[in-house]
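Below: the structure, in structure tokens.
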Amino acid sequence: MELMKVAAAFAVILTVLNLKFPLYAGMLAGTAVLAVLFGLPLPEVGAIAWRSVASWSTLQVVIAFYVIAILQFCLKERQHLTHAQEAMNGLFRDQRLNAALASVFIGMLPAAPAVTICGRIIDDMAGDHLTPAEKAACASFYRHIPEGVLPTYTQIIIATTLSGVAVSAFVTAILPMAVVLVAIGFAVYLRRIPLAPDTGDHGSRRENLKVLARSLWTIFTAIVVIIAFDLPAWLAVSVIAVVNFFVDRFSPADIRTALTRSLPLKTTMGTFAVFIFKDVLMATGVVEVLPDYFALLPLPAFLTMALLFFFGTMVASANAVTSAFIPLAFSMLHGGVALLVLLMGFSYAASQMSPVHICISIAAEDFHVSLGAFIRKMLPMVVIYAVILMGYYLLLSALGL
């Protein structure tokens, strides 16, 4: 019964967004449905909403969105993304692979709004060969590959700590699946984009590397600073954006324009609404009852647990599901690298379609497409990945890992 109530809330969200209402309207409508169906008192819902809006974790996302939008404005004004794409074309001679790898690289920046920078790269490269919904799906898909692999992300830290699997062993085992993800996106969508005409004048490899470094030094520096000094993304990007004003010689008028035009009100309201919905959903206690439902399925234990992580991530956050269910999974099954790769892979797949994942909402909003259209374009890549992942799990298990 609880899952049906959650499904009803998700259906309302998708319906409202498909009617072209803004993101915040859809998420608030879903929140209202949850409150009614689960019988949550209005004062309790109000208190949860206030805590969500005032939470520092929520405010950090909003601030990160603002400063990354400022940085994106600077990159666009000085045509750095265009120059970076041209340099990568000179290095690899394939604009499709370049766009995918650039998005993966930017995805190392642990901030949700980084997906908008990936969106600009995919949009410029794809032109009219992909629909807006397909571009949004590709931008989010590639941007999140590092999130399912690198131990700089909270979910991976939690998973390796609770499972007892060494970080190095997990990263080594999951890296082939990262390559598979790049290939899946190419096979489903990017292959439809023709190669750019070869002008024959690509410059030397050294020149292209210099252009690439000069064009993307802000993003590269932000990633290094965040990893090396454990700084929050909003702070690191803020400092680098200020430095970039001087490096690129922005006038006071240009700076004023960047500061005033870089935070759309509707997107900010949508961000707050997503966090309110997620926190109200967590307050319903639905995550705690998920294991009971999935224990009834007539499926192999490993697949049951993988589906638990998939649907748990769909209705909650990846970090919450990992914290709650990793001990359960490793107590029920023979735990090892293979099991952790399977569970983290299914969690990654679910997060690419979950309405509570702020990044996909930002990506859909950025390309002005409904969440339903976004999910429909993401679904083929997620299904292919899940099937391959199960085969990879069986292979690793057969090898005793």
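Quick rundown of the values:
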| read-out | value |
| --- | --- |
| Whichever aspartates and glutamates have a C-alpha closer than 16 Å to that of Lys76, once near sequence neighbours (fewer than 8 apart) are set aside | Glu86, Asp123, Asp124, Asp248, Asp254, Asp366 |
| Assigned charges on the beta-carbon of Lys, Arg, Asp, Glu; segment 48-183 dipole about Cα centre (debye) | 220 |
| Arg256 accessible area, 1.4 Å probe, all protein chains in place, Å² to nearest 10 | 150 |
| Gap separating the Cα centres of segment 152-188 and segment 318-354, nearest whole Å | 11 |
| Magnitude of the charge dipole, segment 264-392, Cβ model with Lys/Arg +1 and Asp/Glu -1, debye to 20 | 240 |
| Restraint check, Lys20/Lys266; Lys135/Lys266; Lys20/Lys278; Lys5/Lys377; Lys5/Lys266, Cα-Cα greater than 23 Å | Lys5/Lys377; Lys5/Lys266 |
| With every protein chain in place, the chain: carbon and sulfur % of accessible area (1.4 Å) | 68 |
| Value at 222 nm in deg cm²/dmol, rounded to 500, when DSSP H runs of n ≥ 4 in the chain each add -39,500 (n - 2.57) | -25500 deg cm²/dmol |
| Extreme residue, positive dipole direction of the chain, given options Thr257, Met344, Ala9 (C-beta unit charges) | Thr257 |
| Neighbourhood net charge (13 Å Cβ-Cβ; Lys/Arg +1, Asp/Glu -1) for Ala100 | +3 |
| Residue-by-residue Karplus 3J(HN,Hα) for segment 320-328, coefficients 6.51, -1.76, 1.60, Hz, glycine and proline x | 5, 5, 4, 5, 7, 10, 4, x, 5 |
| Positive-end extreme of charge dipole, the chain - chosen from Leu34, Ile48, Val237 (charges on Cβ) | Val237 |
| Magnitude of the charge dipole, the chain, Cβ model with Lys/Arg +1 and Asp/Glu -1, debye to 20 | 520 |
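The values are calculated or read from the model by the stated rules, or taken from the named source; none is laboratory data. Here the structure is a predicted model, which means the values were calculated and not measured. Glycine also receives a Cβ, built like all others from the backbone with ideal geometry; neighbour counts cover every protein chain displayed. SASA here: full protein model, heavy atoms, side chains in, ligands and nucleic acids out. Shrake-Rupley method; radii C 1.70, N 1.55, O 1.52, S 1.80 Å.
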